[in-house]
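A.B. asks: Dropping a structure here in structure tokens format, bear with me for questions.
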Amino acid sequence: MANRRMFSLDVVDTDAFLDLPISSQALYFHLGLRADDDGFVSSPKRVTAMIGANQDDLKLLVVKGFVIALENGIIVIRHWRQNNYIQSDRYKKTVYQTEFKRLIVNNGVYEIGTDTPCIQTVSDMDTQYSIDKISKEKDRVGKSIKREKPEKAAPVYFPNDELLDEAFRAYVTMRKQIKKPMTERAIQLAISKLKEMAKLPFCDSIDSDTAIEILNQSIMNSWQGLFPLKDNCKKSGSKTSGGYNWDKV
């Protein structure tokens, strides 16, 4: 048996394959790596357990038509001929010749002959796996879990000021921790109030340093609202992020 295997994008780049949970996709690759030169895997359950997958992942590959389960417990990779080309001088026939002769090849895909009763139905495997439950997987303790949704990107409140944006997100997090989460409307009002309190004289820009101090003041004191700094006077020689020292103007 060869030590190298190939996988065709015509198979693994399809929606049918990419819609599988990651654990089922990983299992498919591991089964493909351990298949013999005709695509047969003698110990699919051992491979499943070895990589930390579960029997539902194997059943899902059967239901979705990526592998064929035979009555003696072995499986065959259906798209083996599409995935792999083995030179004749390196090719070694499978030891499962009886099962191999029952297969037909249709456009590079293995199929069970219509008069061949050797296929194992999904319901005959370890536990019943209903097709209408494919959208839900089972974790290892048997609890039903929904497929994880992609994580949402963190909201950006001040796209032009990374430090201020980080401080405001910390304020929003603090509000959640004190059981006072902010609605979208409350966030917009807080931003407007912060800009007003930290507004620089004679222009519409804000003093980023002051705004951050206001946010930190509320965070440190677990205050629900935003309030002017108790001592809003800058020390002599201090600079704002706007580049002006207003004490010297």
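A.B. asks: What do you reckon, is LEU229 in a loop (DSSP other than H, G, I, E, B) and open to solvent by less than 100 Å² (accessible area, probe 1.4 Å)?
C.D. replies: Working: in a loop (DSSP other than H, G, I, E, B): yes; open to solvent by less than 100 Å² (accessible area, probe 1.4 Å): yes.
Yes: the conditions hold for LEU229.
A.B. asks: Could I ask something else about it? Right, THR121: in contact with a Lys or Arg (Cβ under 8 Å, 6 or more places away or on another chain), farther than 15 Å from PHE40 by Cβ, at pLDDT below 85 and polar (S, T, N, Q) or not? Steps first, answer last, please.
C.D. replies: On the way: in contact with a Lys or Arg (Cβ under 8 Å, 6 or more places away or on another chain): no; farther than 15 Å from PHE40 by Cβ: yes; at pLDDT below 85: yes; polar (S, T, N, Q): yes.
Against the criterion (in contact with a Lys or Arg (Cβ under 8 Å, 6 or more places away or on another chain), farther than 15 Å from PHE40 by Cβ, at pLDDT below 85 and polar (S, T, N, Q)), THR121 does not qualify.
A.B. asks: Could I ask something else about it? Does region 192-212 include one or more residues that are open to solvent by less than 20 Å² (accessible area, probe 1.4 Å), within 30 Å of GLU71 (Cβ to Cβ) and modelled with pLDDT of 85 or more? Give the derivation first.
C.D. replies: Going through region 192-212, the residues open to solvent by less than 20 Å² (accessible area, probe 1.4 Å) turn out to be 194, 198, 200, 207-208, 210-211.
Now drop any that are not within 30 Å of GLU71 (Cβ to Cβ), which leaves none.
Scanning region 192-212 turns up no residue that is open to solvent by less than 20 Å² (accessible area, probe 1.4 Å), within 30 Å of GLU71 (Cβ to Cβ) and modelled with pLDDT of 85 or more.
A.B. asks: State which residue is least open to solvent (accessible area, probe 1.4 Å) when the search covers only region 156-187 and only residues that are farther than 15 Å from TRP223 by Cα and in a loop (DSSP other than H, G, I, E, B).
C.D. replies: So, considering only residues that are farther than 15 Å from TRP223 by Cα and in a loop (DSSP other than H, G, I, E, B), the one least open to solvent (accessible area, probe 1.4 Å) is PHE158.
A.B. asks: Of all residues in region 188-231, how many are aromatic (Phe, Trp, Tyr) and within 22 Å of PRO155 (Cα to Cα)?
C.D. replies: The number of residues fulfilling the criteria is 1.
A.B. asks: Taking region 152-195 only, how many residues are in contact (Cβ under 8 Å) with a residue 40 or more places away in the chain and aliphatic (A, V, I, L, M)?
C.D. replies: 6
A.B. asks: Okay, next question. Quick one: is SER218 open to solvent by 60 Å² or more (accessible area, probe 1.4 Å) and either at pLDDT below 75 or in a helix (DSSP H, G or I) (or both)?
C.D. replies: Numbers: open to solvent by 60 Å² or more (accessible area, probe 1.4 Å): no; either at pLDDT below 75 or in a helix (DSSP H, G or I) (or both): yes.
When the stated conditions are applied, SER218 does not pass them.
A.B. asks: For region 4-26, enumerate the residues that are within 26 Å of GLN87 (Cα to Cα) and of a type outside the set (Gly, Ala, Ser).
C.D. replies: Here is the first cut: in region 4-26, the ones within 26 Å of GLN87 (Cα to Cα) are 4-13.
Hits for region 4-26 are ARG4, ARG5, MET6, PHE7, LEU9, ASP10, VAL11, VAL12, ASP13.
A.B. asks: Okay, moving on. Search region 77-91 for residues that are closer than 26 Å to VAL63 by Cα and of a type in the set (S, T, N, Q) and pair each with any residue that is part of a helix (DSSP H, G or I) and open to solvent by less than 80 Å² (accessible area, probe 1.4 Å) when their beta-carbon atoms are under 8 Å apart and the residues are at least 6 apart or on different chains.
C.D. replies: Close Cβ pairs (under 8 Å, with a partner that is part of a helix (DSSP H, G or I) and open to solvent by less than 80 Å² (accessible area, probe 1.4 Å)) amount to GLN82/VAL11; ASN83/VAL11; ASN83/GLY32.
A.B. asks: I'd like to check something: does region 93-101 contain any residue that is under 28 Å from ASN83 (Cβ atoms), among the acidic types (Asp, Glu), surrounded by fewer than 10 Cβ atoms within 10 Å (Cβ to Cβ) and at pLDDT 50 or above? Spell out how you get there, then give the answer.
C.D. replies: Step one: filter region 93-101 for residues under 28 Å from ASN83 (Cβ atoms), giving 93-101.
Still in the running and among the acidic types (Asp, Glu): 99.
Filter once more, so that each one left must be surrounded by fewer than 10 Cβ atoms within 10 Å (Cβ to Cβ): none.
Scanning region 93-101 turns up no residue that is under 28 Å from ASN83 (Cβ atoms), among the acidic types (Asp, Glu), surrounded by fewer than 10 Cβ atoms within 10 Å (Cβ to Cβ) and at pLDDT 50 or above.
A.B. asks: A further question follows. At least 3 residues that are open to solvent by less than 70 Å² (accessible area, probe 1.4 Å) and either of a type outside the set (Ser, Thr, Tyr) or out of contact with any Phe, Trp or Tyr (no Cβ under 9 Å at 6 or more places or on another chain) (or both) in each: list the helices (runs of 4 or more DSSP H) lying fully within region 1-71 that qualify. I'd like the intermediate steps shown before the answer.
C.D. replies: Working: elements: 9-12, 15-18, 22-34, 44-50, 55-63.
The qualifying helices (runs of 4 or more DSSP H) are 22-34, 44-50, 55-63.
The values are calculated or read from the model by the stated rules, or taken from the named source; none is laboratory data. Quick caveat: nothing in here was measured; it's all calculated off a predicted structure. Every residue, glycine among them, receives a Cβ derived from its backbone with ideal geometry; neighbour counts consider all protein chains shown. Surface accessibility is based on the protein's heavy atoms, side chains included, excluding ligands, DNA and RNA. Shrake-Rupley method; radii C 1.70, N 1.55, O 1.52, S 1.80 Å.
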